[in-house]
1. Out of Ala77, Ala69, which single residue is crowded, with 19+ Cβ neighbours inside 10 Å and in contact with a Ser or Thr (Cβ under 8 Å, 6 or more places away or on another chain)?
2. Of all residues in the stretch 287-309, which are in contact with a strand residue (DSSP E or B) (Cβ under 9 Å, 6 or more places away or on another chain), closer than 24 Å to Lys222 by Cβ and open to solvent by 30 Å² or more (accessible area, probe 1.4 Å)?
3. Out of all the residues in the stretch 147-159, is one or more farther than 27 Å from Ile196 by Cα, more than 14 Å from the ligand (Cβ to nearest atom) and among the polar types (S, T, N, Q)?
4. Show the residue pairs that are 6+ apart or on different chains and have beta-carbon atoms under 6 Å apart, the first residue being within the stretch 147-176 and closer than 22 Å to Gly66 by Cβ, the second being of a type outside the set (Phe, Trp, Tyr) and open to solvent by 20 Å² or more (accessible area, probe 1.4 Å).
5. Determine, yes or no, whether Ile326 is within 16 Å of the ligand (Cβ to nearest atom), over 21 Å from Asp48 (Cα atoms), open to solvent by less than 20 Å² (accessible area, probe 1.4 Å) and in contact (Cβ under 8 Å) with a residue 12 or more places away in the chain.
6. Among the residues of the stretch 83-99, are any crowded, with 23+ Cβ neighbours inside 10 Å and among the acidic types (Asp, Glu)?
Amino acid sequence: MIGQVKLFKSRIMDFKTISNITGFMPPELLHKIFIKFLQTKYFKRKIDHRNLKTRVLNKNFNNPLGLAAGFDKNAEAIEGLLNLGFGFVELGTVTPMPQKGNPRPRVFKIPEFEAVIQRLGFNNNGIEMFLENLKKSKNNHNILGVNIGKNKNSESQFSDYLLLYNKVVDYSDYITINISSPNTPGLRDIQEKGNIEKLLKTLSRIKKRKPTFLKLSPDISKKNLENICKLILNSKMIDGVVLTNTTITREMLYKKPIKDAWKVNEKGGLSGPPLRDKANTLIRDVYEITNGKIVIIGVGGVSSGKDAFQKISLGANLIQLYTSLIYSGPNVVFNILKELSELLKRKRIESVAELVGKNISCE
Ligand SMILES: Cc1cc2nc3c(=O)[nH]c(=O)nc-3n(C[C@H](O)[C@H](O)[C@H](O)COP(=O)(O)O)c2cc1C
């Protein structure tokens, strides 16, 4: 019996093999199975590296690596996700009303780059169901963020954000305002000068405040980026930015041949390693523009301890991942954190907070 359990565990550890075997299955079905697996709470890894503990916005994080938005859109597997070892989890994107999202197929894996192109379009069960789930599982020891977005057919996009903010504020540690998904028409236009000001004005009517982030697109213009940084520095509403969402650009995929080359032309957002450099450029830019005065959550292509080190070194206080969980499985969190902790020791850096914005190489 013990032998069988060990075998089962070692099979789960060898996620790459599972990933290869299940490669023919539709990605969304695999995702559902993954969520069900997490709900069993079977997999639990204790991760405790003293040099990775950090404090951001008056909150203690066991480590700086979080789960990015989009994986648990309905707050269904919170405990199972925290059991993987994440220092925090960002739930959502949740919208006011349930919505089905775009027609399938809408998720495309590009194994040659360990990347994904998707145009899900905020498929979720809506805020009421989300809150029911969240209320059941909220405990005070773990840090949960909620990522909010507008409905596709919403007539008053800014008031969608106000409504959602007020609904989630008592059940979350921070709130991310998603204005960068490429799969909801017009959403990214909120990053433009007049619109972002209107959004902040609408949000000034919230009943209570929690740490608040704007999630930005890697494709944002330098002008809009500078304007948003300036607004944040002068605003009491926003504490920082999540950098970045997925990109609609594709040039990074032209570096080597892809078996299913047609996938490159599928509409949607590209994530994983091909996004890394673009996201890193934005982290560096925002850190420079703001002199490190706002909080940055860095996300895009994190799949190793080196990737994590690089983002923090460029100015990210916290980091997140999504796509590497699809390709490398549950152990990716443990492996990244172990490598990051060792890299800090090798570089004689006492703690992760000390690395933020130092702009040093991990080589
Ligand atoms: C399948 C999938 C769904 C996503 N859904 C959302 C979402 O609902 N809201 C959001 O803000 N970002 C969403 N994202 C973007 C991720 O949160 C993250 O910003 C992006 O994938 C870059 O990180 P990665 O390279 O580690 O995946 C999604 C990404 C993927 C791959």
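1. Ala69
2. Tyr287
3. No, there is no match, as no residue in the stretch 147-159 is farther than 27 Å from Ile196 by Cα, more than 14 Å from the ligand (Cβ to nearest atom) and among the polar types (S, T, N, Q).
4. Qualifying pairs under 6 Å: Tyr165/Ile206; Val169/Lys208; Val169/Lys210; Tyr171/Lys138; Tyr174/Lys210; Tyr174/Pro211; Ile175/Lys210.
5. Taking the combined requirement at face value, the residue does not satisfy it.
6. yes
The values are calculated or read from the model by the stated rules, or taken from the named source; none is laboratory data. Treat the numbers as computed from the prediction; the structure is a model and nothing was measured. Every residue, glycine as well, gets a Cβ built from its backbone with ideal geometry; the counts of neighbours run over all protein chains shown. To get the accessible areas, we keep the full protein, side chains included, count just its heavy atoms, and leave off ligands, DNA and RNA. Shrake-Rupley method; radii C 1.70, N 1.55, O 1.52, S 1.80 Å.
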